[in-house]
Amino acid sequence: MLAAVTSDRDGPTLARFTDDGTPLSPPARVRDPAEFHRVEAEHRPRWLFDSTAETYPLLLTAGARVRRSHDIALTERILLGRAGRFGEACRAPAVLARAAGTPVPDDPAVPDPVPASRPPDQPGLFDSEPARRRAPVTPDDLVTAYLDQQRRTADAACGPAATTAGIAVPGGALRLLIAAESGSALVAVEMTRRGLPWDAAIHQRILTDTLGPRPATGQRPARMAQLADDITSAFGFPVNPDSAIDLRDAFRRSGFDIETTRAWVLREIDHPAVGSVLQYKDLARLYTANGWNWLADWVSDGRLVSEYLPGGVVSGRWATRGGGGLQLPKSVRRAAVAQPGHVLVVADAAQLEPRVLAAVSGDAGLAAVSAGADLYDALAAGGFGGDRRHAKLAMLGAMYGQTTGEAARLMATLRVRYPAAVGYVEAAARRGEAGAVVRSVLGRACPPPSARWRRLVGESGSGGDESSGGDGDLGAATDGGGVPRDARPGVGGTERRARQAARDRGRFTRNFVIQASAADWAAVWLTVLRLSLLDVPGAELVFFQHDELIVHVPAEHADRVADLIVAAADTARELVFPGSEVQTPVRPVAVSCYADAK
DNA sequence: GCGGGGGGCGCC
DNA sequence: AAAGGGCGCCCCCCGC
C-alpha cells in the first residue's frame, strides 16, 4: 500500500493507493494527526513524500514514526544524475509537475533556491533545502511521480547501462539505492530533531582549560593573545597570526621563502616563531570553529542540533547545514555524554573504503585480505614486509590518486600484488580524464565535466596515457587552479592547464567509485538498522558520519543494540556486495562519553 | 558594507 | 616522508 502525504498552508492531505496506483481512499485533509499513526499501525504502507525533510516532521510531531518511505526529490536527483542532468532535481514540485505533465507556475515573489551565481553546469551542493516555491502538489501527483520513477528504475536496472566500470551491477541495485536514500532521509529527519546529547558545562570547561576564560567580544582569549605577543616578539615586528598573508610575508622578511603558511610547511622551518604560530593555529581553530559562539548557536537543552542532509554530497555522503555536525573535532567529543541511565553505542566500520575497493573490483587477493578483522595488517603481511604503515599509505595513495613520493612508490607493490584492484581505480581515473562518468556500486552517477572543463581539455587534445612518473616540476607550481607563477603565456600554458584539469578530474572519478560505493553501503546499513531499532524502547540514532554512527539508548538495551548494529552491517554487505567474501566488520562499543569510544 | 573566493584546518 | 579524494566552517582579503 502507498500512503501519499502532501501539505500546504492549510495542513496535510493524505490519500491511500494500492502499490500499482489504484486509489483506495480519496485525498482528505488530516484533521487529527493521530490519523498518521493509525494508518502506519494498520497498513504499514510505503509513505510517499515530495520531500521527506519537509513532510515527515508533520508525522513525527503526531508521534508517527514510519517504517518505509519513498522520497520523490532524492530519487529524482539520482535518476537525473544518471542521465547526466545534475542540478535539475532540486525543486521537488517541478519534478512532480514533470511527471504529471503540467507546468510549474513560477512565483516571482519567492527566490529561486539555487543561487543565481552558480554556473548552470556546475554540479555543486544542490540544496536539499526545501523548495521555497510551491506548486499545487496533490497526492495523485505523488503517486504519478512514484510510478514514473519505478518504471525508469526498472528500465535502468536491466539495460546495458547497468554496469559500473565493466562490473555488472547486482540485480535491483538501483532500487536498493533508492530505498536506502529514502530510508536515510527518515533517519536524517529524526536525527536532526533529536540531536546529539551534549553537555555544555563540559564543553565550557574544555574551552577555559585550553583557551582561558571567555573573552569580551572583539578580544582574543588570553592564551591566544599571549601567543600572538610571542609571535610578534619572535619576528621583531607586529604580525597578525590570523592573517595568512601577513604571516607569510613575515616569514619572507625573515628569509624563508614559503608559498603558504600551512602547518606542514612551517614545521620544516627553523625560526623561533614557528612553535607559537603552530600553537596559535590549534587554539584559533578550537576558538572559531567550536568555541563559545558555536556552543551558543548550536547547543540547546543538552543537545547539539545540526541539520543533516542525506545525499548532500555528490558521492552520496551526507552533508550538514549549520553546526558542523560532521566535523566534530576529537578535542570536544568529551562533551558528548549520554543522559542518565543511558549509554552511547558507538560503532564504526573498520577500514571501509579498502574493503569496498576489494568488493567492487572483484580482486580475489584483496578480497582474501579483506576477509579478516584488520585489513592493513593482512595487507602488510602480503607484500609490504609486515610494515602496516607502508601498506596503508599505498592503499590510500591508490584510492586518492597519489602520483608522487613514497606513496606512489609503494603503489607499485600494490599494483603487482593486486592488479585487479589497482586496475579498477586506474580505469576509473582514465574515464574521468577522458570526460566520462563513473558510478557507484549501486548506480549513483558522478557529475559530468563542466563545459569549461570540456573546452579546456577537449581543445588541447589528450596526450593518451599520461606518464605516471614524477613530472612534478610543472605541476607543483600551480595551486588551487591558479596560474603558475612562472607560467608563460601561450599554447604551453594552455596545455599544462588542460593536463592539470584532466588529472584533477581523474583523481575525482578514481575516488568517486570508492567513496560513493562506501556511501551506498553505509546508507543501507543505516536504513536497515533504523528499522530494527524501532522495536527497541528508547533507542535513538543520534549521530551518523560517513562510516560511523551512534545510538543513544537506555543502558539495559545496549547489548541488544550492539547486536542489531552488527546484524545490519552484515545485511548491508550481503545486499550491496552479494557473493563477495569481503567482510565489512563494525565494532560497537557502549560508552557514556563519545571520547571514550576510541 | 556586502559577498564571493581563498587560505587553512578539522572531520571521514 | 610528502602534500591525492570528499566536505563545512571560520577568518581574511579584495572587488564591487
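What does the C-alpha gyration tensor say about the overall shape of segment A:4-89? Classify as rounded when a/c is under 1.5, otherwise prolate if a/b is larger than b/c, or oblate. Please report the intermediate quantities before stating the final value.
Numbers: a/c = 2.05, a/b = 1.70, b/c = 1.20.
Judged from the Cα gyration tensor, segment A:4-89 comes out prolate (a/c at least 1.5, a/b above b/c).
Once backbone amide H atoms are built at 1.01 Å from N, A:His342 has A:Ala555 as its partners under 5 Å, excluding neighbours fewer than 5 places away on the same chain. When the alpha carbon gyration tensor of segment A:507-598 is reduced to an equivalent ellipsoid, its three semi-axes come out at 25, 15, 11 angstrom, largest first.
Check each of the GluC sites (Glu not before Pro) in segment A:209-310 and keep only those in coil by DSSP with at most 14 other C-beta atoms within 10 angstrom; list them in order. Kindly include the intermediate steps, with their values, before the conclusion.
Values: sites: A:Glu259, A:Glu268, A:Glu307; in loops: A:Glu259, A:Glu268.
In loop regions of segment A:209-310 (DSSP not H, G, I, E or B), the sparsely surrounded GluC sites (Glu not before Pro) are A:Glu259, A:Glu268.
Between the C-alpha center of segment A:52-85 and that of segment A:357-374 there is a gap of 34 Å. Relative to the current alpha-carbon distance between A:Ala216 and A:Ser450, full extension at 0.36 nm per residue lengthens the span by 79.6 nm. If you plug the beta carbon distance of A:Ala319 and A:Leu531 into 1/(1 + (r/R0)^6) with R0 = 25 Å, you get a FRET efficiency near 0.55. Only the Cβ atoms of Lys and Arg (+1) and of Asp and Glu (-1) were treated as charged; on that basis the dipole of segment A:283-346 about its Cα centre amounts to roughly 260 debye.
Summing charges over neighbours of A:Ala244, with a neighbour being any other residue whose Cβ is under 12 Å away from its Cβ, gives -1 when K and R count +1 and D and E count -1. The calculated FRET efficiency for A:Val416 paired with A:Ser331, based on their beta-carbon distance and R0 = 45 Å, is about 0.65.
Electrostatic bookkeeping for A:Arg573 treats Lys and Arg as +1 and Asp and Glu as -1; over the other residues with beta carbon under 11 Å from its beta carbon, the sum is -2.
Using only the Cα atoms of segment A:278-344, build the gyration tensor, take square roots of its eigenvalues as a ≥ b ≥ c, and label the shape rounded, prolate or oblate: rounded if a/c is under 1.5, else prolate if a/b is larger than b/c, else oblate.
Values: a/c = 1.75, a/b = 1.06, b/c = 1.66.
Oblate, since a/c reaches 1.5 and b/c is not below a/b.
Of the trypsin sites (Lys or Arg not before Pro) in segment A:288-382, not one is in a loop by DSSP (not H, G, I, E or B) with at most 12 other beta carbons within 10 Å.
Each of the peptides A:567-580, A:233-246 was scored by the mean count of other Cβ atoms within 10 Å over its residues; in descending order, highest first, they stand as A:567-580, A:233-246. Derived scalar couplings between HN and Hα for segment A:310-316 equal x, x, x, 10, 4, 6, x Hz in order, rounded to whole Hz, by the Karplus curve 6.51 cos²θ - 1.76 cosθ + 1.60 (θ = phi - 60°), x for Gly and Pro. What the phi angles of segment A:390-400 give under the Karplus curve with 6.51, -1.76 and 1.60, with θ = phi - 60°, is a coupling list of 5, 4, 5, 4, 5, 5, 5, x, 5, 7, 9 Hz, glycine and proline written as x.
Only the coordinates and a few stated rules stand behind these numbers; no lab work does. Since this is a predicted model, take the numbers as computed values, not measurements. When we count neighbours, we look across all protein chains shown, and the Cβ atoms used for this are built from the backbone with ideal geometry, even at glycine.
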